Structure formats: structure tokens, C-alpha cells
Amino acid sequence: MPDDLRLWSEELARDPSSLVFLPLAETLRRQGQLDLARKVATRGLERHPHNPDAHDQLARIHADRGELQSAFDEWDMVLRLVPGHLGAIKGMAFVRFQQGRLDEAEQLLMQAQDGGGSDEDISAAIAAVRRSSGVTSAEVVAAALPSDPHLLFADLLATDQTAIMLDKDGLVLAGAYYVGNVDVAQDVGASLSGVSDEALRATRHLGIGAWCSILFETEAATVSLAPAPGHGAAAGGLIVLAAAPATPLGQLRRLLDRCLARASAWLESSAL
């Protein structure tokens, strides 16, 4: 992926009108470089103001930055360019829910469903909004999560990154750990069985408080471990995140935080 970033950046420098700004901005977004991602996407839109993918890209960047109204405006532009765009409607519904405008959120989700959206995520999101008297934002976030646990972290990760969630016995609850084209998550989980308990015992012995994360730097990858969210099946388990050795540690920390938040939302949705 560092090579891809370099090649895309060089291509964009040679040809500022190139569409490589789209994968470049998306990769930067997934790596947590939101300021740079927004800069790349905005400059791309200046040259391609009618490109719906560019507006959708910028909307997702705004959403990650917590700039909800700006995200809504960009998704609204996508709808103007591509009427019925399912991703844009779902994004707008999420924004309206976060803003407490539940009626509008439900109307948008119904629009998506009436427009041919057949995925179960939409039905689940509608049900969550209708339970508005006691609904939490986690329910709507969870409704938009992938139905396949193996894909739980996929949209957060670049191609040279991988993440899994393990239970206390090392069994894989979600995510995938690829080496080449082979998912070795089960093997990794078996090898890491008991690590969380060992870390807990060590920190107690040293009297330094609860452990938050462990970082390993190797020739092949930089691997970060953190305690899985402490509820449900993951209690006592691990989040394992691996990235290319060249990944800045600050980016890895932010990505680990996003994986932890995603895992927590997924576990909460399983308990609903």
C-alpha cells in the first residue's frame, strides 16, 4: 500500500485531473489521515464537480470527522447526480438519526427500501428508528454493520492491514487475518490464546494498572493487541491489528481505536 500511495500521488502530480484521487483519498481515510484525505478529495472535486463517487468520498470523510451536516450535504449532491443512490440515502439517514431528527431518518430509510434496497440492514435500521423511545445511536450504527462477521473491520482497513477479534480462548469472533490470500485467523487465535490473561497478570504484578495495548514491531508487520470490549462473548478476549511495518504508529493507534469502537458496536447489536 505505501507503493500504491506513492504511485497515486505521483500520477496526481503529473495529471491533476486524474481520477486516482479517489483511491488515494479513500486509502488516506481508512488510515485515519482525515485532514489529508479531505484535502485530496476537495481538490479532486474542483476538477470533477459532477462526479458522484467524489461527492460520496468527501461525505464519508466528513462523517468520519464528525462533520455531519457537511456529510449530509455531500450525500444530497450524490442523490442529485444519481437519483436513488442507496449508499447516499443510508448515509443521509444516519446523519439525521445522529441529529435526533428521527422522522426524517425513517423517511429516508423507507425511501431506500421503496427504491429497491433489499438488504437486511435497511429493515434493521428502520426497526431501530421506530423503537425511538428507547433507541440508542449504537443500534442504528450496528444496523449498518456487515452481516458477515468476517467483514466486520473490512471497510476500516487498507489492503495491507488486517484485524480480528478473539474470545478468551483464542476463538475468532469476527474479522479475518490474511497472509497472502489465505485467512490464517484461526491459527493466529490459537497462538495468542491466553495472552490477555498473561498481560493482566503481569500488570497486576508490576502494579501499573490495567493494560491498554501491546505493540510488536517485526520485519513483516507491526502488530497491535488490545483487550476486546469487556462485555458479551469477547470478555477477556483480544483485538489484533496488523499493518505494514512502514505504518506510522500514531495512525496504527487511531486505527486500533476505530476497530475497538466497531467491535463494541457489533457486540452491542448482538445483545439487542
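I need a count of the residues in region 55-75 that are of a type in the set (Asp, Glu) and touching a His at 6+ places or on another chain (Cβ under 9 Å). First the steps, then the outcome.
First, the residues of region 55-75 that are of a type in the set (Asp, Glu): 56, 64, 67, 73-74.
Then keep just the ones that are touching a His at 6+ places or on another chain (Cβ under 9 Å); that gives 56, 73-74.
Total satisfying the criteria: 3.
Of the residues ALA41, ALA71, ALA25, ALA59, which is closer than 15 Å to ALA158 by Cα and modelled with pLDDT of 90 or more?
The match here is ALA25.
Can you tell me which residue is least open to solvent (accessible area, probe 1.4 Å) among those in region 183-219 that are β-branched (Val, Ile, Thr) and closer than 21 Å to LEU249 by Cα?
ILE214
ARG96: out of contact with any Lys or Arg (no Cβ under 7 Å at 6 or more places or on another chain) and either touching a residue at least 40 places away in the same chain (Cβ under 8 Å) or farther than 24 Å from SER18 by Cα (or both), yes or no? I'd like the intermediate steps shown before the answer.
Values: out of contact with any Lys or Arg (no Cβ under 7 Å at 6 or more places or on another chain): yes; either touching a residue at least 40 places away in the same chain (Cβ under 8 Å) or farther than 24 Å from SER18 by Cα (or both): yes.
So ARG96 passes the test.
Scanning for something in contact with a Lys or Arg (Cβ under 6 Å, 6 or more places away or on another chain) and either among the hydroxyl-bearing types (Ser, Thr, Tyr) or under 16 Å from PHE153 (Cβ atoms) (or both), does region 216-237 turn up at least one residue?
yes
For region 196-214, give me each residue that is under 18 Å from GLY237 (Cβ atoms) and not basic (Lys, Arg).
SER196, ASP197, GLU198, ALA199, LEU200, ALA202, THR203, ALA210, TRP211, CYS212, SER213, ILE214, listed by residue number.
If I filter region 133-182 down to residues being modelled with pLDDT of 90 or more, among the aliphatic types (A, V, I, L, M) and open to solvent by 30 Å² or more (accessible area, probe 1.4 Å), which single residue comes out as nearest to the chain's Cα centre (by Cα)?
LEU173
Can we say VAL195 is in contact (Cβ under 8 Å) with a residue 12 or more places away in the chain and β-branched (Val, Ile, Thr)?
Answer is yes for this residue.
The values are calculated or read from the model by the stated rules, or taken from the named source; none is laboratory data. Note that the coordinates shown come from a computational prediction; the quantities given were computed from them, not determined experimentally. Positions of Cβ are backbone-derived with ideal geometry, glycine not excepted, and every protein chain shown enters the neighbour counts. The accessibility values were calculated without ligands, DNA or RNA, using every heavy atom of the protein model including side chains. Shrake-Rupley method; radii C 1.70, N 1.55, O 1.52, S 1.80 Å.
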